[in-house]
1. How far apart, in nm, are two points set 7 Å out from the Cα along the Cα-to-Cβ line at D134 and at D240?
2. Mean-square fluctuation check for the chain, GNM, Cα pairs under 10 Å: which of R257, R243, R122 is largest?
3. Please compute the modelled spin-label separation between D44 and R209, points set 7 Å along Cα→Cβ, answer in nm with one decimal.
4. Starting from the Cα of S57, step 7 Å along the direction of its Cβ; do the same at R274; then give the gap between the two resulting points in nm.
5. Between segment 146-208 and segment 50-89, what's the alpha-carbon centroid distance in Å?
6. Normalised by the residues of the chain, what does the relative contact order come to in percent, with Cα pairs under 8 Å and at least six apart?
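Any read-out appearing in this document is the output of simple, stated calculations on the displayed coordinates, not a laboratory observation. From a predicted model like this one, the values you see are computed outputs, not experimental measurements. As a convention, Cβ positions derive from the backbone with ideal geometry for all residues, glycine included, and neighbour counts pool all protein chains shown.
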Amino acid sequence: MRLGYNTNGLAHHRILDAIDLLADEGYESIAITLDAGVLDPYDDPDTLARQVRQVRSALDRHGLTRVVETGARFLLNPRLKHDPTLMDEDPLRREVRADFLKRSIDLADALGAEAVSFWSGRSAASLGEDEGMDRLADALQSVLRHAERTNMPLAFEPEPGMFVDTLARFARLDEQVRHPLFDLTIDIGHLHCLQEGEIPTLLRGWETRVRNIHIEDILPGVHEHLMFGEGTIEFAPIFDALRSMHYERGVHVELSRHSHKAVEAVRAAAAFLRPL
């Protein structure tokens, strides 16, 4: 396992400064959330290429493994969080999200990343389960074809409040998609928030598919990422399960609401997790 951190919790740091900070604090992996000012896929191509070279050089120099995250709040729509999505009724709006994911795949390849992590997005309340699964699976086809060009794994994250929110619903989507590059991001806090079952058992059930892990503390039924010790997760059995799975990828702290005290959060999270 490699202790990692998501840059969405370092929103007030330049990306190169964030990389140096995490390496200095002993982190071994980084989840880079593409965003305004952080390898923005819509930047001028020459500017973006220069940024990619600088970031990859810094990551390589520090020996940090990396994944690309696509959960920026307002990058695609400055007036509505996480909009548009792959669940949108309008196919042109679905294509905006698909195009963003394709750009993210290209950036991940240029950075030497292990995977691109993403989620379904919310759906309209009127959208039925079967229709929603069909719409999402169909929207994923062009993204998967794009990923095939560079053999880039896609790590899908079930997210509370979104159309695919649980591992059970991911399993149904997985049955429809059935693609060798389609794998899984598991957020430990989400499992606890939604009370899906015993977390070690759930992890072992998906052990061959887990490409990326997010971790934070949380309370049951409340989707708010908390500092370790502020929620009710029992972490020791989770890390026992990860060791039994021989999980060797990043375990990325996700504290996106802690950017205002990022240095303290980076240090506190490492102090809590490293002994585990």
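1. Result: 4.6 nm between the two label points.
2. Judging by the Gaussian network model, the answer is R243.
3. 4.4
4. 2.9
5. 19
6. Relative contact order for the chain comes out at 22 percent.
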